[in-house]
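Reading through the structure tokens given below for one structure.
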Amino acid sequence: MNDRRRAAPEAREAPRKPESVRNVVFVGPSGTGKTTLVERLLATSSTIPRRGSVAAGTTVCDHEPAAVEQQRSVGMAVAPLWHGETKINLIDTPGHPDFLGELRAGLRAADSAVFVVDAAEGVDEATVAVWRECDRVGMPRGVLVSRIDRPRADVFATVEACRNTFGSGVVALYLARYHGGQPRQLYGLLTGSLHDYSRGSTPTVGTAPHGMDAEVEAARNELLEGVIAHSEDESLLERYLTGESIEVGTLLSDLETAVARGGIHPVIPASAETGMGMIELLDGIVRGFPAPTERGSVEATAPDGTAPRPLRCDPGGPLAAEIVHTSVDPHRGRISLARVFSGTLLPDRSVHVSAHGLGERGRADHDSTERVAHVHTPFGASLHETRHCVAGDLCALTGLDSAETGDTVSEAGDPLLIQPWDMPDPLLPMALAGRSGEDEDALARNLNRLLASDPTLRVDRSTETRQLVLWCMGEAHADLVLRRLREHGVDVDTEPVRVAFRQTFRQAAAGHGRHVKQSGGHGQYAVCDIEVEPLPRGGGFEFVDRVVGGAIPKRFVGSVERGIREQLAKGLESGCPLIDVRVTLVDGRTHSVDSSDAAFQTAGALALKDAAERAGLVTLEPVDEVWVHVPDEHLGTVLGDLSVRRGRVLGTEPEGSGWTVVRAHVPSTELTRYAVNVRSLSSGSASFSRSFAGYEPLPW
């Protein structure tokens, strides 16, 4: 690892006021240059002496070995810088869809987002989905058109594509001016200023010459009309329509307000390679994006879910911070990256750690009181110790051994719980097995560590298939998990995931169970007659007692039922449990001395086996209900694939903006790799969710 990336730069004292903080997350698909952009911003602000390279593995944010080797981010990372008197926490997130959980953690930590769009590639569907997520919560957004110096780059076309895709609120703030086929200047549409980069990464700012071509004039009019439409000064529209000149200061003030409120999404063209647009982006973040105090209050409750109360971004308020990322350092132990929503975090203080609601993913609810050892300013993989972290800022904590991603950290005497953000469901199963007993023990320990850091993982330990199944987001996520396990010395193999089948009776039948043994002393005697009939799917198990005349005493009727239940659970022909049957006990015989509870349990099981031989059994396979979200252009392909998978389409519903939701029942055996397949069928745009629907007969 490069030494430059190991050590954080000399940090200024942490802010004491939330107004001096901006938290910005960079969003976009893999390959748009988000990590390179962060690196250039750090160099532009003189936070680092020189920028690193993704290809060389020397960037601040991509510090994990897998990220360096694959040359793409696999986790969120924070790199703060100072621009003037404002601290900007740059949050770099992965662009690969398998790491959506890391992206959502970054969104949770941020107050605004910069969507990075490649000038030659345009907007992909995954980015559109994230834009919608931000839109639902009202997060302010801007767009950075990256790599404008590359071949095939078309800034005008990209801005238009963003406007058509994201909405009319997307307006260009600057336009790139080309000379000799390369971008050399940025034209400020609102101010009329010309930022000349022909001599290097630090621009010379002057006044643009009079006269604008048609494209520039149209872009400027769009910007002005957008600002005026969101202005609270109703006289601006009349002044604009009559051709009156409006003061630049007034327009800038209204623009900043509109951006902070999410009404306007400014576009800045940039090149991380040359440094063009970096100063303009930093200025825009400080002036246009909101401080944490402008974010709405966060709802918190007591750990038991009672006593809800809103929390404002107040350094003097009750402490409430949320763990947005967890990692383990070989020397410092567990490192918890936290966003402080209220209060002030201090080192060497006792805090309450609590989390609830992720038990279905193998993470138990927990509450504990621990001591924060140190508070740090994170800088990629490096840490710089600080004396405090106020509401609105981000920090890294050490000493919290039980803290996991999504947990709430609060005062020990005033415990609070913030509801975690929505975690995407892992839908790709992978069966794991250690190569030895020692590996099995190490596997269990390391899986607990991975679950603590990655809420998108889920572990199932099936007693039926006797497999440990790890549910991941996709192949890239699964490969990363295996790599992390092996890096910690766990020799682990993967196996095909087995599906647990069921059986039921093909038709109604009678069964006779006779268990008679005499071996000296008390013998064993029990006879019972039953009738078995299949129930509709989902009918479960019913037991009916129709014995008359006391042929079987009441105390042994329950014994027969227990024997039948145990045999149903163990199965008959292939070890598959039997379901959806009604068993009626109709007759039997007892012995005054030799009848017992154990004897009648055995007789009940024998009677069930006898009935099964007469009726025959049907094997049932599990079926899931799936909802596939797919662009209309790929709808036919997805429907055809579902048919091949023996899926039964239950309906389709338009989702708006060219999307459709397909609802279908599909056998679970056909969905093992569907998380990968559906992306391939739709150029990476479709997604799906699933839930257990029931069992259906397995076709022969």
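Quick one: angle between helix 278-288 and the longest Cα principal axis of the chain, in degrees between 0 and 90, rounded to 10, please.
80
Quick one: Cα centre-to-centre distance for region 541-615 and region 661-680, in angstrom?
40
Roughly how big is the chain's charge dipole about its Cα centre, with Cβ charges of +1 (Lys, Arg) and -1 (Asp, Glu), in debye to the nearest 20? List each step's numbers first, then the result.
Working: 72 positive and 96 negative charges, 306 e Å.
That gives the chain a dipole magnitude of about 1460 debye.
Starting with the highest mean, order 316-323, 435-442 by the number of other Cβ atoms within 10 Å, averaged over the residues of each peptide.
Per-residue mean Cβ counts within 10 Å order the peptides as 316-323, 435-442.
Can you give me the angle between helix 34-44 and the longest principal axis of the chain, using Cα atoms only, in degrees from 0 to 90, rounded to the nearest 10?
40
Please list L252, L578 in order of solvent-accessible area, largest first, computed with a 1.4 Å probe with all protein chains present.
Most to least solvent-accessible, the answer reads L252, L578.
Quick one: Kirkwood hydrodynamic radius for region 249-362, alpha-carbon pairs, angstrom, one decimal?
18.0
With everything on Cα atoms, drop me the angle between helix 100-109 and the longest principal axis of the chain, reported from 0 to 90° to the nearest 10.
50
Using only the Cα atoms, what convex hull volume per residue in Å³ does region 541-700 have?
Looking at region 541-700, the number lands at 136 Å³ per residue.
Quick check: Cα centre of region 487-522 to Cα centre of region 393-433, how many Å?
39
What translational diffusion coefficient, in µm²/s and rounded to a whole number, does the Stokes-Einstein relation yield for region 378-436 at 25 °C and a viscosity of 0.890 mPa s, taking the hydrodynamic radius as the Kirkwood radius over Cα pairs?
156
Above 22 angstrom, tally the Cα pairs of region 146-219 and express them as a % of all pairs, no decimals.
In whole percent, the long-distance tail amounts to 24.
Please list the radius of gyration and Dmax for region 433-569, considering alpha-carbon atoms only, with Å as the unit.
Rg, Dmax (Cα atoms, Å): 24.2, 70.
Quick check on region 263-306: what does the Kirkwood estimate of hydrodynamic radius come out to from the alpha carbon pairs, in Å?
Evaluated on region 263-306, it is 13.7 Å.
What are the extents of the Cα atoms of region 339-435 along their three principal axes, in Å, largest first?
Largest to smallest, the principal-axis extents are 45, 31, 26 Å.
How big is the equivalent ellipsoid of region 122-247 along its three axes, where each semi-axis is √(5λ) from the Cα gyration tensor, reported in whole Å from largest to smallest?
The equivalent ellipsoid of region 122-247 has semi-axes of 25, 24, 12 Å.
Could you calculate, for the chain, the ratio of the Cα radius of gyration to the Kirkwood radius, expressed as Rg to Rh?
Result for the chain is an Rg/Rh of 1.10.
Can you give me the convex hull volume of the Cα atoms of region 561-625, divided per residue and expressed in Å³?
Enclosed volume per residue, from the Cα hull, is 102 Å³.
Please enumerate, by chain and number, the lysines with C-alpha under 20 Å from the C-alpha of K87, excluding those fewer than 8 residues away in the same chain.
Partners found: K17, K34.
Please give me, ordered by residue number, the GluC sites (Glu not before Pro) of region 552-640 that lie in loop per DSSP and have at most 15 other Cβ atoms within 10 Å.
E573
Order these peptides, 446-457, 87-98, by their mean beta-carbon neighbour count within 10 angstrom, highest first.
87-98, 446-457
Can you give me the Rg/Rh ratio for region 175-264, using Cα atoms for both radii and the Kirkwood formula for Rh?
Rg/Rh: 1.02.
Can you give me the relative contact order of region 495-541 as a percent, contacts being Cα pairs under 8 Å and 6 or more apart? Don't jump to the answer; show the numbers that get you there.
Working: 46 pairs, mean separation 17.4, N = 47.
It rounds to 37 percent for region 495-541.
Bin width 10 Å, alpha-carbon pairs only: give the P(r) of region 79-122 as whole percents, running from 0 to the bin holding the largest distance.
All Cα pairs considered, the percentages come to 23, 44, 29, 4.
Just for the Cα atoms in region 36-96, what are the lengths along the principal axes, largest first, rounded to whole Å?
Its Cα atoms span 36, 20, 14 Å along the three principal axes.
Which one of W700, G277, H352 has its Cα pushed farthest toward the positive end of the charge dipole of the chain, where Lys and Arg give +1 and Asp and Glu give -1 at the Cβ?
W700
Label region 69-166 by shape, choosing from rounded, prolate and oblate, from the square roots a ≥ b ≥ c of the eigenvalues of the Cα gyration tensor; if a/c is under 1.5 it is rounded, and otherwise prolate applies when a/b is larger than b/c, oblate when it is not. The partial results should precede the final answer.
Working: a/c = 1.35, a/b = 1.32, b/c = 1.03.
Here region 69-166 falls in the rounded category.
Please identify the cysteines of the chain that lack any partner cysteine with a Cβ under 4.7 Å from their own Cβ.
When partners are defined as cysteine Cβ atoms under 4.7 Å apart, the chain leaves C61, C134, C162, C313, C472, C528, C576 without one.
Over all alpha-carbon pairs of region 509-628, lay out the pair-distance distribution in 10 Å bins, whole %, shortest bin first.
For region 509-628, the binned pair fractions read 14, 44, 26, 11, 4, 1, 0 percent.
Per residue, how much accessible surface does region 101-207 expose to a 1.4 Å probe? Answer in Å², no decimals. Numbers along the way, then the final one.
Numbers: 4350 Å² over 107 residues.
With the other protein chains kept in place, region 101-207 gives 41 Å² per residue.
Return one whole number: the accessible area per residue of region 563-700 in Å², for a 1.4 Å probe. List each step's numbers first, then the result.
Values: 6230 Å² over 138 residues.
Averaged over the residues of region 563-700, the accessible area is 45 Å².
Please work out the Cα center distance from region 272-304 to region 234-267, rounded to the nearest Å.
The distance from the Cα centre of region 272-304 to that of region 234-267 comes to 21 Å.
Rank by packing, highest mean first: peptides 545-554, 590-599, with packing defined as the count of other Cβ atoms within 10 Å averaged across residues.
Going from most to least packed, we get 590-599, 545-554.
Send over the per residue convex hull volume for region 379-494, Cα only, as a whole number of Å³.
Looking at region 379-494, the number lands at 169 Å³ per residue.
The values are calculated or read from the model by the stated rules, or taken from the named source; none is laboratory data. Because the structure is a prediction, the values reported are computed rather than measured. Using ideal geometry, Cβ is built from the backbone for each residue, glycine included, and neighbour counts are taken over all protein chains shown. Ligands, DNA and RNA are excluded from the accessible area calculation, which covers all protein heavy atoms including side chains. Shrake-Rupley method; radii C 1.70, N 1.55, O 1.52, S 1.80 Å.
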